[in-house]
Amino acid sequence: MRLLVTGGAGFIGSNYIRYILSAHPDYQILNLDKLTYAGNPENLKDIETIPNYTFVRGDICDRESVRGLEFDAIINFAAESHVDRSILDSSPFLRTNIMGTHNLLETARERDCIFLHVSTDEVYGSTENGFFTEDSPLRPNSPYAASKASSDMLVRAYVETYKIRAMITRCSNNYGPYQFPEKLIPLVIINALDKKPIPVYGDGMNVRDWIYVEDHCRAVDAVLHKGAAGEVYNIGSRNERPNIEVIRLLLGKVAERLDLNEKDLTGLISFVKDREGHDRRYAIDPLKIERQIGWGPLMSFEEGISKTVDWYISNKQWWERIISGEYMRYYDAQYRERLKK
């Protein structure tokens, strides 16, 4: 199979490509990524020379970026995804998440190929009780979530109107290697290593369901091969945790690994004004994908957090180059040189 993976230089996309190359070594992978601030080719630097992997720099909003490429399926990870950034300026989110998805849907319609749209549980909004199922109403509360809900509706419309072979996955919060440092878990680990304040919104009791990124990648692969056109699949690990609990666990792991005083690290916690429209609780029901597809998470939260802390401790140069901005300057220069040739 020839897969076009959009946003493959990002956190989840790069982990997905690694997983596919391991699970399906005969597949051809085309990685289409615009290389915005969150797209980092260093995430896949060690596989750049693999014969069945090709990187193409391009924007999903630009039809020319996908014309001329040969593929049997589109896996759409490309998205603007940071809620705080969407609150400051929603324009890039509307462009990429809505218009970019529309462009890919048009391509899938013309090619008659499979389209798998990777979405988020944030489209459901917040709930105090119970769990979101695939039939729960969409009630997004942030510009980011609204842009993803809009793209989900476009996918549904293209299935109903044009009968394209499209599926949607909605996953809970991911964590693991190569996650951009602005996200909660890497931010806590890095700030702890640098002895910097660790900001916590509100009272820290906002609840998220956490899933290790490789479990998410396995789920997307399972839906690609076993999912039904027009269906939505929730992906979660039944692992709800308040943010403050996750933060304290991370600080305990860092202290243990580096033989530091845990109380000194917890002293870095700084409660700050809550974020606008901050959803109180996400809770997703993955029963459908478990029963119909046969997928289930393999990584426990305790083991996953330990592996993640170890990865960030061992890969300091990777995240230091991101924080300094050096990673973007280096690859932008390389890209300009390739254009000259």
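No lab work stands behind these numbers, since they all come straight from the coordinates. Just so it is clear, the model here is predicted, and its values are computed rather than measured. Note: ideal-geometry Cβ built from the backbone for every residue, glycine included; neighbour counts use all protein chains shown.
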Using a Cα-Cα cut-off of under 16 Å, which aspartates and glutamates could be cross-linked to K196, ignoring same-chain neighbours fewer than 8 residues away? E182, E262, D264, E320
Per-residue HN-Hα couplings for the range 198-203, Karplus 6.51 cos²θ - 1.76 cosθ + 1.60 at θ = phi - 60°, whole Hz, x for Gly and Pro? 10, x, 10, 5, x, 9
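Helix-only mean residue ellipticity at 222 nm, the chain, DSSP H runs n ≥ 4 weighted -39,500 (n - 2.57), per residue, nearest 500. What is it? Show your work: numbers first, answer last.
Values: 12 runs with 139 residues, N = 341.
Value at 222 nm, helices only: -12500 deg cm²/dmol.
Could you tell me the relative contact order of the chain? Use alpha-carbon pairs under 8 Å, at least six residues apart, and round to a whole percent. Write out the running numbers ahead of the final one.
Values: 615 pairs, mean separation 59.4, N = 341.
Across the chain, relative contact order equals 17 percent.
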Using only the alpha carbons, work out the radius of gyration and Dmax of the chain in angstrom. 19.5, 60
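DSSP beta bridges in the chain, what fraction antiparallel, as a percent rounded to 5? Can you show the working numbers first?
Values: 3 of 40 bridges.
Once the DSSP bridges in the chain are tallied, antiparallel ones form about 10 percent.
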From the gyration tensor of the Cα coordinates in the range 13-156, what semi-axes in whole Å does the equivalent ellipsoid have, largest first, with each one equal to sqrt(5λ)? 27, 17, 17
Counting just the Cα atoms, what span does the range 148-290 cover along each of its three principal axes? Round to the nearest Å and put the largest first. 58, 32, 24
Once amide hydrogens are built 1.01 Å from N within the peptide plane, the residues lying 5 or more places from F55 or on another chain with amide H under 5 Å from its amide H are N31
10 Å binning of all Cα-Cα separations within the range 63-133, expressed as whole percents from 0 upward: 16, 40, 29, 13, 2
Kirkwood estimate for the range 114-176, i.e. one over the average of 1/r between Cα atoms, Å: 12.5 Å
Given pairs K45/K307; K253/K273; K34/K316; K34/K183; K148/K226; K226/K316 and cut-off 30 Å on Cα-Cα distance, the over-length ones are K226/K316
If amide H atoms are modeled at 1.01 Å from N in the peptide plane, then the residues at a separation of 5 or more from F132, or on another chain, having amide H under 5 Å from its own are A283, I284, D285
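Sorting H225, H216 on the 10 Å Cβ count, fewest up front, what's the list? Show your work: numbers first, answer last.
On the way: H225 12, H216 26.
Final ranking by Cβ density, sparse to dense: H225, H216.
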Using each residue's phi in the range 127-135, evaluate 6.51 cos²θ - 1.76 cosθ + 1.60 at θ = phi - 60° and report the 3J(HN,Hα) Karplus result to the nearest Hz, with x for Gly and Pro. 9, 8, 9, x, 9, 7, 10, 5, 9
Mean projected area (nm²) of the alpha-carbon convex hull when the range 176-259 is viewed from all directions: 7.1 nm²
Interchain or sequence-distant (5+) residues whose placed amide H lies within less than 5 Å of the amide H of S119 are T169, R170, C171
